[in-house]
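Inspection log for the structure reproduced underneath, given as structure tokens.
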Amino acid sequence: MKWSQFFNTSIGKKLLVGATGLFLCSFVIVHLAGNLALLKDDGGEAFNVYAAFMSHNGLIQFIAWGLKVVILLHAILALQLTFRNRAARPVKYAINPGNQTSSWFSRQMAIMGSILLIFLIIHLKDFWYWMHYGNLEPVTYNGEEYKNLYLAVQVAFRELWLVILYVIGMIGLSFHLVHGFKSAFQTFGLNHVKYNGLINFVGVWLFGILIPIGFAIIPVVIYFKSIQ
């Protein structure tokens, strides 16, 4: 079987979803580490310097565009698998088997993934687009000029509806990562009774709780500081 034929099968698509998902898991760690600079009490210097580095480094930009392709590929493949699974069972069960055949998280992956995709589109429009193509006012540190993305973020998160949207998006991220991290290891056959405890711990506590909370706390803190 040719590779193109293999990746058109359900197994091939699951492997691609798992691989792209694990890559995205590594990305959210790096992205959160940079975004936490928004909480530093330095007038935005650390975050603006970080944003400028991420925007102008050639290697980082190559990876960033690859990341966008990976996100799109991950979403398309996941939706294809969802529709294929539903088409394979056109008649619904008379009684929902519930968690006898699958976890609650796995049954909500399509919904949570869709919420997350909508959130990402809004996020890219609000911040990535303005950083690269918007007319952000400049700010100077040590004689070097930077775009003041920090100020744009501060202004954006004065809007309560946007803060709520981001928190909802992080709830979607949490549910998506809890199941996705574990299922990726299962897809690659890497789950084992000796390691399942560690996989579950990392999936739930790091990707399901700590990372989404880390992202969600940024707009919440900015908003409450703005109304004091």
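Which one of PHE105, PHE119 is at pLDDT 75 or above, of a type outside the set (Val, Ile, Thr) and within 20 Å of the chain's Cα centre (by Cα)? Outline the logic, then answer.
Values: PHE105 fails: at pLDDT 75 or above.
Answer to the selection: PHE119.
Can you work out which of the residues in segment 1-51 that are in contact with a Gly (Cβ under 6 Å, 6 or more places away or on another chain) and surrounded by 17 or more Cβ atoms within 10 Å (Cβ to Cβ) is modelled with the highest pLDDT? Break it down stepwise before answering.
Taking segment 1-51 and keeping what is in contact with a Gly (Cβ under 6 Å, 6 or more places away or on another chain), we get 6, 21, 32, 50.
Of the ones still in play, those that are also surrounded by 17 or more Cβ atoms within 10 Å (Cβ to Cβ) are 21, 50.
On the way: GLY21: 74, TYR50: 92.
The qualifying residue modelled with the highest pLDDT is TYR50.
The values are calculated or read from the model by the stated rules, or taken from the named source; none is laboratory data. All values derive from a computational prediction rather than experimental measurement. Don't worry about glycine lacking a Cβ; one is built from the backbone with ideal geometry, like all the others, and counts go over all protein chains shown.
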